[in-house]
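Below is one structure, written out as structure tokens, with a few remarks after it.
The values are calculated or read from the model by the stated rules, or taken from the named source; none is laboratory data. What you see is a predicted model, and the numbers here were worked out from it, not measured in a lab. Neighbour counts are summed over all protein chains in view; Cβ atoms, including those assigned to glycine, are modelled from backbone coordinates with ideal geometry.
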Amino acid sequence: MNPFNYYVQAGKVKKKTPDPEEAQALLQQASDRLEYTQEKNISGKNAKFVFENAYEAAREAAQSLMSIKGFKPYSHEATVSFVKENYDFSDEEISLFDYFRKLRADSIYRAVKIMEKDAQECLKFSRKFVEKVRKVSSIPVESDVP
């Protein structure tokens with residue numbers, strides 16, 4: 001993964017005015033998406049969709065952090081790089097986020113099958129990730145995801 005500044009220079013991230021309202025909306029959306037997704041019983045038939053929603057919740061939460069600091073991403077990889085460089089997430093958390101980013105791309109662009117286990121792991125990761133984003137950002141959301 002490249003340093004965050006690489007994505008800015010390559011035009012994959014734009015600098016903008018910090019937007020706390022957008023940040024809150026993105027984090028609320030991530031929380032709502034997780035709430036909706038975790039109500040699903042994961043099966044071989046829906047694992048792909050549960051996985052994609054769980055990953056998207058983590059990505060939206062990460063993008064909320066970018067919005068607070070005045071950045072708009074046009075690359076999922078840039079979003080992971082931003083979180084890695086600007087917040088206190090462990091190497092394991094960043095590695096998992098990046099792994100799920102790659103798996104999502106493989107699923108969407110190369111029709112790689114998502115296994116139930118991958119969907120379960122991504123959902124578990126996303127719950128913890130979104131909660132951590134809430135804590136580090138102090139952004140309020142309307143409902144808490146258990």
With respect to Leu34, determine if the residue is touching a residue at least 60 places away in the same chain (Cβ under 8 Å) and either more than 19 Å from Glu93 (Cβ to Cβ) or not small (Gly, Ala, Ser) (or both). yes
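Please state which one of Glu92, Glu131 is of a type in the set (D, E, K, R) and within 13 Å of the chain's Cα centre (by Cα). First the steps, then the outcome.
Working: Glu92 fails: within 13 Å of the chain's Cα centre (by Cα).
Answer to the check: Glu131.
Answer with yes or no whether Val80 is within 21 Å of Tyr6 (Cα to Cα), crowded, with 23+ Cβ neighbours inside 10 Å and out of contact with any strand residue (DSSP E or B) (no Cβ under 6 Å at 6 or more places or on another chain). Quick ask: steps written out before the conclusion?
Details: within 21 Å of Tyr6 (Cα to Cα): yes; crowded, with 23+ Cβ neighbours inside 10 Å: yes; out of contact with any strand residue (DSSP E or B) (no Cβ under 6 Å at 6 or more places or on another chain): yes.
It is true that Val80 is within 21 Å of Tyr6 (Cα to Cα), crowded, with 23+ Cβ neighbours inside 10 Å and out of contact with any strand residue (DSSP E or B) (no Cβ under 6 Å at 6 or more places or on another chain).
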Give me the pairs: first residue in region 13-25 and in contact (Cβ under 8 Å) with a residue 40 or more places away in the chain and in a helix (DSSP H, G or I), second residue of a type in the set (Gly, Ala, Ser) and surrounded by 13 or more Cβ atoms within 10 Å (Cβ to Cβ), beta-carbon distance under 6 Å, and six or more apart or on different chains, which are they? Glu22/Ser67; Ala23/Ser64; Ala23/Ser67
Taking region 95-117, which residues are surrounded by 15 or more Cβ atoms within 10 Å (Cβ to Cβ) and polar (S, T, N, Q)? Ser107
Selection from region 97-146 of residues that are assigned to a loop (DSSP other than H, G, I, E, B), without any contact (Cβ under 8 Å) to a residue 60 or more places away in the chain and among the hydroxyl-bearing types (Ser, Thr, Tyr): Ser138
Does Glu92 qualify as being assigned to a helix (DSSP H, G or I), surrounded by fewer than 16 Cβ atoms within 10 Å (Cβ to Cβ) and modelled with pLDDT under 95? no
Of the residues in region 46-78 that are of a type in the set (Ser, Thr, Tyr) and in a helix (DSSP H, G or I), the one that is farthest from Cys122 (Cα to Cα) is Ser67
Tell me the residue from Ser43, Ser81, Ser31 that is among the hydroxyl-bearing types (Ser, Thr, Tyr), outside any helix (DSSP H, G or I) and touching a helix residue (DSSP H, G or I) at 6+ places or on another chain (Cβ under 8 Å), please. Ser43
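Given the criteria surrounded by 22 or more Cβ atoms within 10 Å (Cβ to Cβ), charged (D, E, K, R) and under 25 Å from Pro20 (Cα atoms), does Glu60 qualify? Give the derivation first.
Values: surrounded by 22 or more Cβ atoms within 10 Å (Cβ to Cβ): yes; charged (D, E, K, R): yes; under 25 Å from Pro20 (Cα atoms): yes.
Judged against the criteria, Glu60 is a match.
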Matching residues, region 8-22, being under 14 Å from Thr79 (Cα atoms) and either charged (D, E, K, R) or within 18 Å of the chain's Cα centre (by Cα) (or both): Lys12, Val13, Lys14, Lys15
Quick one: would you say Phe89 is free of Cβ contacts under 8 Å to residues at least 60 places away in the same chain, at negative phi and among the hydrophobic types (A, V, I, L, M, F, W, C)? yes
